[in-house]
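To keep things clear, I will list the structure first and then write my remarks on it.
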Amino acid sequence: MQKKIPLVIGLGITGRSLVNYLANIHKEIVIIEDSIDQALLDEIKQPNLTLHVNPSINDDLLRKISTIYPSPGISNDHDIFSYASKFDIEISSDIQEFIKLNSSRKILVTGTNGKTSTCLIIKNLFENFLPDLNTLVMGNIGEPVLDNINKNIDISIIEISSFQLELLKEIEFDIGLLLNIEEDHIDRHLNFENYKKIKYSVLKNSSFNISFDSNNLFQKDFRNYKNINLPLDFFESKMFKKWPIHDIDNLKASLAVIDCYCENFTSLSLEDFNVTKELEFAFDEFLKPPHRFEFLGNISGINFINDSKATNIDAMLKAIRSANEIKNNGDIHLICGGDLKNQKITSLNLNEVQKVTNAIIFGKDKEIIYRSINQFAECSVVSDLKEAVHLAIKLSKEGDCIMLSPACSSLDMYKDYAERGNEFKKIVSNLQHD
């Protein structure tokens, strides 16, 4: 029997994009989804397309399945993976299909922290340094890659998470950028070594490697973005003096991508540009996405920073380092907590917390965090974010900084980090009206 029917697991943003793409190729699609939304199914339906939603998974069905497309959030323990092995069914993904079928130059960006900001910075640089190219950002940033499969694109900048990298098989693309690796998603990947191996695969499968250290593990065309030399006048620019340290690193990584692209796909190099002037022009109206070291303003002499996207320990430590650079003579009052996702907290990686005057902790793992960091800063445990903000204000004086940088997932109390960040912004906004 010829296998003809694809199977999609999960009907989130990626799953819906996959189904819409597959509907142009197949007459039948199997969908597995725990929470069916009929309105979403109605959007997908096309003439002559048959959707089999949550059918009985049996041998007869599995013998007809050509390819299984799991959404990135699907657990590795899902029964469908053992069925795939038993019936020799191919596992693929939306990014796999896009790399295989779209003719653009592909730049895949991953790392524990900074992926989204870096993708947007890279896009901005391409639009200003090489304006004749059509450049799009997609992937984990919220724009499914297959929505762009038939577009005329010169450069595809794809943000890719560890969950998506797990699904990506041996397939070559142009440039792989690995920004950093710190402990994260251990609840999914079981241990740090597994997580690192998955992250490094972005270099294994790319023709040109850009990384945060000098270990050319795969003996490819390689560069360490930390070695990018910014012009001396860059550091005198008023615009970039406001940038936190970690965003300067993201900028250097992005310049390494432009340098690599120019060197290998054009007759240009970075030396052909007045880099500082080009950067000032490029970033004159550039807005970072929200919840990433986002300055909310000064209220009664106190500065408020929303860094809700800091969902792991390393991101929080980077935020503390950056806040310390800009705080002048004030103190830092850190609000943190949530679900640690099995991250291990050790005294070796927490010295940065000494720059914090007070740490106010809430959420699922607040007691674990308290025990880990109370040797570095004065700590308080509270019930929720609102209580944390009001305690931070009580402890603050003029010139201080109150920063939400949780070091944790938000899913114990919120839909996502954005909902958590928006609540923080709402609480801070209400202070102005009290």
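Checked against (1) free of Cβ contacts under 8 Å to residues at least 40 places away in the same chain; (2) within 24 Å of N324 (Cα to Cα), D416 passes all but a single condition, namely (2).
Within region 66-88, the set of residues being assigned to a loop (DSSP other than H, G, I, E, B) and more than 23 Å from H189 (Cα to Cα) comprises F87, D88.
Any residue that is at positive phi, touching a strand residue (DSSP E or B) at 6+ places or on another chain (Cβ under 8 Å), of a type in the set (K, R) and surrounded by fewer than 24 Cβ atoms within 10 Å (Cβ to Cβ) - is there at least one of those in region 323-341? Yes, some residue in region 323-341 is at positive phi, touching a strand residue (DSSP E or B) at 6+ places or on another chain (Cβ under 8 Å), of a type in the set (K, R) and surrounded by fewer than 24 Cβ atoms within 10 Å (Cβ to Cβ). Residue pairs whose Cβ atoms lie under 7 Å apart, sitting 6 or more positions apart in sequence or on different chains, and linking a residue in region 273-291 that is of a type in the set (D, E, K, R) to a partner that is part of a loop (DSSP other than H, G, I, E, B) and surrounded by 15 or more Cβ atoms within 10 Å (Cβ to Cβ), are E280/S237. Taking the criterion of being free of Cβ contacts under 8 Å to residues at least 24 places away in the same chain, closer than 26 Å to L287 by Cβ and either open to solvent by less than 20 Å² (accessible area, probe 1.4 Å) or not in a loop (DSSP other than H, G, I, E, B) (or both), the residues of region 227-250 that qualify are F235, E236, K238, K241, I248. The set of residues in region 296-330 that are within 19 Å of R420 (Cβ to Cβ) and more than 20 Å from the chain's Cα centre (by Cα) comprises L296, G297, F304, A323. For region 283-295, taking the residues that are surrounded by fewer than 20 Cβ atoms within 10 Å (Cβ to Cβ) and in contact with a helix residue (DSSP H, G or I) (Cβ under 7 Å, 6 or more places away or on another chain), the one that is farthest from L391 (Cα to Cα) is identified as F283. Say whether the condition of being part of a helix (DSSP H, G or I) and open to solvent by less than 40 Å² (accessible area, probe 1.4 Å) is met by at least one residue in region 298-313. So far as region 298-313 goes, yes, one or more of its residues are part of a helix (DSSP H, G or I) and open to solvent by less than 40 Å² (accessible area, probe 1.4 Å).
Helices (runs of 4 or more DSSP H) wholly in region 1-65 with at least 1 residues that are among the acidic types (D, E) and either more than 23 Å from S75 (Cα to Cα) or at pLDDT below 90 (or both) - which ones? I'd like the intermediate steps shown before the answer.
Details: elements: 13-22, 38-44, 59-62.
The qualifying helices (runs of 4 or more DSSP H) are 38-44, 59-62.
Looking across region 92-122 at every residue that is of a type in the set (G, A, S) and either open to solvent by 10 Å² or more (accessible area, probe 1.4 Å) or assigned to a helix (DSSP H, G or I) (or both), the one that is farthest from P406 (Cα to Cα) is identified as S103.
Filtering region 150-190 to residues that are of a type in the set (A, V, I, L, M), more than 16 Å from S206 (Cα to Cα) and in contact with a helix residue (DSSP H, G or I) (Cβ under 6 Å, 6 or more places away or on another chain) leaves only I181. Being free of Cβ contacts under 8 Å to residues at least 60 places away in the same chain and β-branched (V, I, T) is a property that I9 lacks.
The values are calculated or read from the model by the stated rules, or taken from the named source; none is laboratory data. These numbers were taken from a predicted model, which means no experiment stands behind them. Positions of Cβ are generated from backbone atoms using ideal geometry, with glycine treated the same way; all protein chains shown enter the neighbour counts. What goes into the accessible areas is simple: the full protein's heavy atoms, side chains included, and nothing from ligands, DNA or RNA. Shrake-Rupley method; radii C 1.70, N 1.55, O 1.52, S 1.80 Å.
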